[in-house]
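Trainee: Before we start, here is the structure in question, set down as structure tokens.
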Amino acid sequence: MSVKKRKKEEGELRLTDKKHPPMGILSTVIACLSFCMFVVVCVMSGNHGGKAGMYAGVVGILCLIMSICGFIIAWISLHQEDIRAVFPTIGSVANGILTIFYMLLYVIGTF
């Protein structure tokens, strides 16, 4: 049996020294928090008939800034060495999609 076939055996435990980067986990948490804040503002605005006031707008801009910062943090953590790329990838994709969504919402809202 060759070495390659032995490595692919089912049930074999592979140990590695790669770790989840804290910055990647932070970026994923920022994406979740930003999305939750946006949902709360949308529900609040719907309850007030679209006239939620200045606070809803400020929270929306804050969500945009949080998503941009989360994307930057995820991008930085993706370039670290010897890491598991799961959380930085989730954080960068989620924050990138949220940033694009918030920018589109902002542009549509100006017209």
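The values are calculated or read from the model by the stated rules, or taken from the named source; none is laboratory data. Because the structure is predicted, anything quoted here is derived from the model rather than measured. Note that each Cβ is placed from the backbone with ideal geometry, even for glycine, and that neighbours are counted across all protein chains shown. To get the accessible areas, we keep the full protein, side chains included, count just its heavy atoms, and leave off ligands, DNA and RNA. Shrake-Rupley method; radii C 1.70, N 1.55, O 1.52, S 1.80 Å.
Trainee: Roll a 1.4 Å probe over the protein chains and send me the accessible area per residue for the chain in Å².
Mentor: Computed with neighbouring chains in place, this is 75 Å² per residue.
Trainee: Mind ordering 102-111, 20-29 by average Cβ neighbours within 10 Å, highest first?
Mentor: The densest-packed peptide leads the list: 20-29, 102-111.
Trainee: Could I ask something else about it? At a 1.4 Å probe radius, carbon and sulfur cover how many percent of the accessible area of the chain?
Mentor: It is 71 percent, rounded to a whole number.
Trainee: Which order do the peptides 44-52, 11-19, 75-83 take when ranked by the mean count of other beta-carbon atoms within 10 Å per residue, highest first?
Mentor: 75-83, 44-52, 11-19
Trainee: Between residue 82 and residue 54, what FRET efficiency comes out of the Förster formula 1/(1 + (r/R0)^6) with R0 = 35 Å and r the beta carbon distance, rounded to 0.05?
Mentor: Computed FRET efficiency for residue 54 and residue 82 comes out at 0.15.
Trainee: Treating the angle as unsigned and between 0 and 90°, give the value, to the nearest 10°, between the Cα long axis of helix 54-78 and the longest Cα principal axis of the chain.
Mentor: Here the helix axis deviates by roughly 20 degrees.
Trainee: Convert each backbone phi in segment 13-30 into a coupling constant with the Karplus relation 6.51 cos²θ - 1.76 cosθ + 1.60 (shift: θ = phi - 60°), then list the ³J(HN,Hα) values in order as whole Hz, x for Gly and Pro.
Mentor: Those phi angles translate into 8, 10, 9, 9, 9, 6, 10, 6, x, x, 5, x, 5, 4, 5, 5, 5, 4 Hz.
Trainee: I would also like to ask the following. If one takes the longest principal axis of the Cα atoms in the chain, at what angle in degrees, from 0 to 90 and to the nearest 10, does the Cα axis of helix 86-110 lie?
Mentor: The answer is roughly 20 degrees.
Trainee: Hey, another quick one. How much length would be gained if the chain were fully extended between residue 20 and residue 97, taking 0.36 nm per residue of separation minus their Cα-Cα distance, in nm to one decimal?
Mentor: 25.5 nm
Trainee: Of the listed values [x] 51, 28, 23; [y] 111, 38, 7; [z] 71, 25, 23, identify the label whose number matches Cα extents along the principal axes in Å calculated from this model.
Mentor: Calculated Cα extents along the principal axes in Å: the matching label is [z].
Trainee: Using a 10 Å cut-off on Cβ atoms, rank the peptides 89-100, 58-69 from the highest mean neighbour count down.
Mentor: By packing density, highest mean first, the sequence is 89-100, 58-69.
Trainee: Before rounding to the nearest 500, sum -39500 (n - 2.57) across all DSSP H runs of length at least 4 in the chain and divide by the residue total; then give [θ] at 222 nm in deg cm²/dmol.
Mentor: Helix-only estimate at 222 nm: -25000 deg cm²/dmol.
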